[in-house]
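One structure is given below, encoded as structure tokens.
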Amino acid sequence: MSNEISIPLTETNNPLTRDIDSRTTREILEIINAQDRRVLDAVSAELSAITHAVDEIYARLLRGGRMIYCGAGTSGRLGVVDASEMPPTYSVPPGTVIGLIAGGEQAMFRAVEGAEDRPELGRADIERLHVTRDDSVIGIAASGRTPYVIGALDEANARGALTISLACTSPAPVHHAAQINIAPLTGPEVIEGSTRMKAGTATKLVLNMLSTTLMIKLGKTYGNLMVDLQPTNQKLRERARRIVERVTGLNASDAQRLLDECGDLKTALVAHLARTSPQHARERLARANGSVRRALDETI
């Protein structure tokens, strides 16, 4: 029990940076850089837990479930940012990946006093979303003890959802509230308690791994190409055309003509590579659950 009330690893003092204010600019940067190198090893040590989380979330997404991040402060902001990037990047329907932050949307830009200390707010946010057993709730708390996050996980558990904790310390109360624990132990921060640094970097890396791997498994890529993007601006429209050029060998004008004819990037690729009509390409994609690679499989 003593471990549960001890200071989280992220809040302890770093003996390697105690005189950092007496160092030159270059020396300060070298110290920060050396500390940041430790983050990759900390995340690598959690690959088994991350694998488990991805597989469980994936099974629920296939059933029509959602992935819901919840956190406070930096942790909450990182979850909201990751969730917000899924629709334009991978054409994920809005509401499939959701980011919750203690204090609501205004907390993205300015701290909301005391919001993270209220577990009832976390429970209310999960209740408002009508979370079910098909959903996955990832509680993000660098220190491992944020009441808002624990409240959200408790409510999600009560509703039968999959619960996952992401914290840069262990043991921790947030891990006891979740079925799967991800704990990259990044150690004391360069500046004591500044978890936007190593802990924030580790959190961002794990969220990237979770969401990107899930999108790959859902057929949102073809190889390492972003083939399910929404061409909502000039940059993305040009990227879509370049992908068609690269995959098909067509020149820019022919690639754009193919895209215009087919209406979307995936259909264009399947129609050209399978030498079939746009309508038949769409049918093949539907049978392949949207995967270009599976749609091109001759057994389909």
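The values are calculated or read from the model by the stated rules, or taken from the named source; none is laboratory data. As the structure is a computational prediction, the values presented were derived from the model and not from experiment. Note that we place each Cβ from the backbone using ideal geometry, even for glycine, and neighbour counts take in every protein chain shown.
Overview of values
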read-out: Pairs, first more than 20 Å from residue 201 (Cα to Cα) in the range 174-188, second among the charged types (D, E, K, R), C-beta under 8 Å, six or more apart; value: 177/154; 180/56
read-out: From 165, 170, 253, 194, residue being of a type in the set (Ser, Thr, Tyr) and in contact with a helix residue (DSSP H, G or I) (Cβ under 7 Å, 6 or more places away or on another chain); value: 165
read-out: Count of residues meeting criterion [under 26 Å from residue 269 (Cβ atoms), of a type in the set (Lys, Arg) and crowded, with 20+ Cβ neighbours inside 10 Å] in the range 193-232; value: 1
read-out: Count of residues meeting criterion [touching a residue at least 40 places away in the same chain (Cβ under 8 Å) and under 22 Å from the mean Cα position of the chain (by Cα)] in the range 114-132; value: 7
read-out: Test: residue 132 is of a type in the set (Val, Ile, Thr) and either crowded, with 18+ Cβ neighbours inside 10 Å or at pLDDT below 95 (or both); value: no
read-out: Wholly enclosed helices (runs of 4 or more DSSP H) of the range 1-93 bearing at least 1 residues crowded, with 16+ Cβ neighbours inside 10 Å and of a type in the set (Phe, Trp, Tyr); value: 47-62, 86-90
read-out: Whichever residue in the range 241-272 is surrounded by fewer than 20 Cβ atoms within 10 Å (Cβ to Cβ) and under 20 Å from residue 218 (Cβ atoms) and, among such residues, is modelled with the lowest pLDDT; value: 264
read-out: Of all residues in the range 90-108 being in contact (Cβ under 8 Å) with a residue 24 or more places away in the chain and of a type in the set (S, T, N, Q), the one that is nearest to residue 137 (Cα to Cα); value: 96
read-out: Selection from the range 285-294 of residues that are surrounded by fewer than 18 Cβ atoms within 10 Å (Cβ to Cβ) and either part of a loop (DSSP other than H, G, I, E, B) or among the hydroxyl-bearing types (Ser, Thr, Tyr) (or both); value: 289, 290
read-out: Top-ranked residue of the range 81-99 - restricted to ones that are touching a Leu at 6+ places or on another chain (Cβ under 8 Å) and modelled with pLDDT of 95 or more, ranked as nearest to residue 207 (Cα to Cα); value: 82
read-out: Exclusive hit being within 30 Å of residue 55 (Cα to Cα) and more than 23 Å from the chain's Cα centre (by Cα), set 269, 229; value: 269
